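To start, the structure under review is shown below, and the notes come after it.
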Amino acid sequence: MAILNPGDMAGEIQSPRAGYALETVTPVTICRIERSAFQRLLTEDAELRRATYRQRIRRLDAVRRLIWSLGVQTLEERLAGFLALACKTQPFQPLPDGGGILSIQIPRGDIADHLNTSRESISRVTYRLQAAGLIEIRDATHFRIPDLDRLRRAGGVAAATEPTRRRGISLPRRARLISVLGVPGLGAGPALPAC
């Protein structure tokens, strides 16, 4: 399961027999390309090849983060991390005080499925995050994030500008090495909290 954003590709790495389904939460326009034509484009266009590899790396990182999150984080941490990451992919309006308003377009049931819990638990934990001062609930789909860095820390998510390192290789450098080497199963996972 993955949450795709504008410009993301779907189905480019599945085998011809693999099945998958897409569900949208907002209106979308889909550009469909036959597999053989796409494969031909990949061989002819180096930039498309690089963009496809970059997207695969982002997806692998997202899956690794989700697996890590489900395995070691509490539901409060998982939801805080989800909301922090949503500030990059969902409508987010920065405010002069450094905070921002996050508009979640994903139904709570889908968020619950993604975080391996129930809608009721998502609602309870949302109120706990508000009590902790991490978010302010405006309504069911709008949240004020007073301090995005604090929310990121609570969710175990490194800020995009932080030079998060793992085994001595920066995440961008590691991604470049993996894309050059084409090594499956390697990649920059989420930054683990310091012990």
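All of the numbers you see were taken from the coordinates with simple rules; none came from a lab. As the structure is a prediction and not an experimental result, all values here were calculated from the model. In this analysis, Cβ positions are derived from the backbone assuming ideal geometry, glycine residues included, and neighbour counts consider all displayed protein chains.
Per-residue 3J(HN,Hα) values for segment 4-10, derived from phi via the Karplus relation 6.51 cos²θ - 1.76 cosθ + 1.60 with θ = phi - 60°, read 9, 10, x, x, 6, 9, 10 Hz in sequence order (x marks Gly and Pro).
Among the chymotrypsin sites (Phe, Trp or Tyr not before Pro) within segment 4-104, which fall in a DSSP loop and have no more than 13 other Cβ atoms within 10 Å of their own Cβ? Of the chymotrypsin sites (Phe, Trp or Tyr not before Pro), the ones in loops of segment 4-104 whose Cβ has at most 13 other Cβ atoms within 10 Å are 20.
Find out how many positive minus negative residues lie around residue 110, taking Lys and Arg as positive, Asp and Glu as negative, among other residues whose Cβ is under 10 Å from that of residue 110. Intermediate results must be reported in sequence, preceding the final value.
Values: positive: 108, 119; negative: 23, 113.
For residues surrounding residue 110, the net value is 0.
Using the Cα gyration tensor of segment 75-155, with a ≥ b ≥ c the square roots of its eigenvalues, what is the shape: rounded (a/c below 1.5), prolate (a/b larger than b/c) or oblate (neither)? Intermediate values should be presented prior to the final figure.
Values: a/c = 1.67, a/b = 1.43, b/c = 1.16.
Cα axes put segment 75-155 in the prolate bin.
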